[in-house]
Amino acid sequence: MTSERLMHQLREILSSISSDRSQSNVGVAAALAKLILELGVSDKVSRFSILLIELVKAIIREVEKPVRKMLADELASDSRASRGIVRALAEDDIDVAWPILLRSKSLEDTDLIEIAIKGSIRHRLAIAQRELVEEVVSAAVMAFGEPEVAKSLLANSGARISERTFVRITELAKEWGDMQPPLAARPDLPATIALEMLEWAIDGVHERLYAAIGGDKAKLRRIVLSALDGEKIAGAPQPDEVVEPIYGRTYLPRKFKVAVAVPPSNDVDLYANDLGFIAVVDQAGEVVGWNVVAGGGMGMTHGEPDTYPRTADMLGFCATDQAVAVAEAVVTTQRDWGDRANRKHARLKYTIEDRGLDNFRAEVARRAGITFGEPKPFVFTAMGDRYGWVESGDGRAHLTLYVQNGRVQDGGVGHDQMSALRQIAELGVGDFRITPNQNLIIANIPLAHQDAVNRIAKAAGLLAPWSGLRRNAMACVALPTCGLALAESERYLPTLLDALDDSLARHGLSADDIVIRMTGCPNGCARPYLAEIGLVGKGPGRYNLYLGAAFDGSRLSKLYAEDLDHEGVVAALDPVFAAYATDRQAGERFGDFTIRAGFVARTSNGRDFHANVRGRVS
């Protein structure tokens with residue numbers, strides 16, 4: 001439509017509004033609607049059309065409420081309507097805004113979030129009843145904790161609700177009993193919340209029954225035993241017992257860890273796990289199968305060489321439709337072959353060492369009913385997190401934040417991380433996810449909110465630090481939290497990093513990525529044996545120093561020096577840093593250099609971890 005024609009329509013509308021109601025409200029609304037829809041489908045956006053839209057919005061603000069209501073009704077179901085004009089109607093009194101908020105597809109999630117935050121409870125009620133409500137919008141309408149809004153959201157099968165929002169609704173449901181049935185009826189209710197609600201129900205029944213019998217515990221016991229007459233009792237043999245099909249009656253000898261990695265990132269420390277799947281991706285980005293590894297684990301005991309960390313071995317390639325069968329076969333083989341007599345020897349890594357990799361691979365293949373193929377080529381380039389922003393191409397972005405040792409706390413101006421994360425959470429625009437490297441990812445942030453989130457994170461020191469060592473550092477909690485700890489870890493590592501950063505700066509290595517990890521005991525929770533610099537607590541203030549692990553997490557380290565205090569650690573590492581700065585080859589990683597330069601011997605795997613040690617005592 002030409003600009004002349006649009007202007008002619010606008011003049012007619014203005015004339016009808018100013019002519020002492022010579023045209024009915026219906027006529028004005030119809031004329032406005034026609035103009036708005038023609039603006040919405042105009043073939044291009046120009047300065048003229050933008051100005052015209054602003055003029056129309058100004059006119060809408062001036063016309064009487066009945067006209068605005070009729071206009072909103074007319075435009076609510078028509079996707080051609082200009083977003084700016086529809087947004088203005090959605091922000092109007094709720095009598096006008098209701099049909100727009102309920103039905104209009106011209107509104108975007110960012111519009112709905114802002115209206116939910118700025119509008120009335122009735123605005124939020126309307127948004128909660130839309131045909132489709134995204135998770136970020138659900139979080140926004142629940143920002144005020146209103147039970148009426150929560151019930152509308154729960155009743156809407158088209159509402160997508162995040163686990164965080166479910167938690168908020170659950171807190172309300174504790175006080176508002178009529179919210180519990182619709183909450184329990186949600187098919188997407190997280191299992192953890194369902195179990196919590198079951199506990200409420202059991203507690204409620206117990207309280208009412210106890211009150212009904214006057215608090216007589218002996219009478220309560222007789223009632224319960226009477227009710228159980230003829231029923232199954234826990235621990236008693238059952239002729240029709242249903243046995244868990246994979247774990248069986250005995251379950252597994254020890255814990256069992258599984259990880260999935262997509263090259264080139266090994267941010268899950270795949271080789272530290274009992275079972276690992278490495279995605280094999282074709283040129284179109286589709287997963288066509290999996291390289292399977294098994295037998296990793298970190299724990300050991302000081303002074304007991306029969307205990308050792310181990311990296312997972314390659315079993316081979318399997319197709320995607322074989323992956324579940326392979327996983328089940330690995331688990332059941334460990335169930336049947338694992339050592340149940342010696343707890344320190346019960347992990348899958350020892351099963352494979354004892355039985356042999358070839359025997360284990362053959363047994364897994366037999367149970368899975370497959371033949372492993374040759375592993376497909378892949379390359380891991382790092383095992384740390386990829387800090388900063390990544391866009392996913394769907395209008396959303398994901399931000400990886402740096403959290404030192406995974407401890408979120410307020411530390412004064414420029415370091416108020418807890419407050420900053422709360423501030424970001426209150427925006428209701430992303431999902432918080434903890435990484436295996438103790439950092440945080442805020443995922444699924446609409447691009448429109450990127451700048452706001454980035455400003456908050458930067459002000460609190462949550463973006464990646466300049467120090468390459470600090471970017472790749474990790475520590476377990478150790479003292480005083482962990483009863484197994486022999487030394488400090490989380491609370492001490494920042495102090496050590498300050499000293500090591502000074503040493504690295506003297507040698508021009510501040511920005512170099514070097515992986516350092518520390519634990520307060522040899523159980524290896526922070527996976528120190530896969531770090532290029534590993535420190536393991538030996539006693540209060542004293543550590544064993546390990547060097548030589550691979551930057552990509554595929555090779556274990558080797559003991560370099562024993563029983564070092566703070567000054568001993570710094571003194572032991574400074575000459576290694578100096579040699580690395582002057583003698584490294586192009587692209588050579590620190591762990592690889594320490595082996596080539598002869599500081600430590602290469603560890604092949606398993607039992608070899610304690611062999612060829614040239615360690616020295618402080």
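Tabulated data for the structure shown
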read-out: Protection proxy ranking of 547-558, 279-290, 435-446, 497-508 - average other beta-carbon atoms within 10 Å, highest first; value: 547-558, 435-446, 497-508, 279-290
read-out: Values of log10 I(q)/I(0), in the order q = 0.22 Å⁻¹, for segment 107-172 under a Debye, Cα-only, solvent-free model; value: -0.79
read-out: Using a Förster distance of 60 Å, the FRET efficiency for ALA284-ALA212 (Cβ separation, nearest 0.05); value: 0.35
read-out: Cβ charges +1 (Lys, Arg) and -1 (Asp, Glu), total dipole of segment 473-618, debye; value: 560 debye
read-out: Built amide H within the under 5 Å cut-off of VAL281, gap 5+; value: VAL288
read-out: Tensor-based shape of segment 537-618 (alpha-carbon gyration tensor, a/c under 1.5 rounded, otherwise prolate or oblate); value: oblate
read-out: Size of charge dipole - segment 394-433 - debye, nearest 20, with Cβ of Lys, Arg +1 and Asp, Glu -1, no other charges; value: 120 debye
read-out: √(5λ) per eigenvalue of the Cα gyration tensor, segment 354-471, largest first, Å; value: 40, 18, 13
read-out: Stokes-Einstein diffusion coefficient of segment 292-386, Kirkwood radius over Cα pairs, 25 °C, 0.890 mPa s, in µm²/s; value: 169 µm²/s
read-out: Distance histogram in 5 Å bins (all Cα pairs of segment 436-475, percent per bin); value: 5, 18, 25, 24, 16, 10, 2, 0
read-out: Leading residue at positive end of dipole, segment 548-617 (Cβ point charges), from SER604, GLY568, THR582; value: SER604
read-out: Cα point-scatterer Debye curve for segment 261-307, base-10 log of I(q)/I(0) at q = 0.20, 0.23 Å⁻¹; value: -0.70, -0.82
read-out: Nearest-20 debye value, segment 416-499 charge dipole, Cβ charges on Lys, Arg, Asp, Glu; value: 120 debye
read-out: P(r) weight above 22 Å for segment 455-608, C-alpha pairs, percent; value: 38 percent
read-out: Packing-based ranking, highest mean first, of 78-91, 510-523, 317-330 given that Cβ atoms within 10 Å are counted; value: 510-523, 78-91, 317-330
read-out: Relative contact order (%) - criterion: Cα under 8 Å, at least six apart; region: segment 306-413; value: 26 percent
read-out: Radius ratio Rg over Rh of segment 242-322, counting only Cα atoms, Kirkwood formula for Rh; value: 1.08
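Read-outs throughout are calculated quantities, based only on the coordinates presented, and are distinct from any laboratory measurement. This is a predicted model, so every value here is computed, not measured. Cβ: placed from backbone, ideal geometry, glycine included. Neighbour counts: every protein chain shown.
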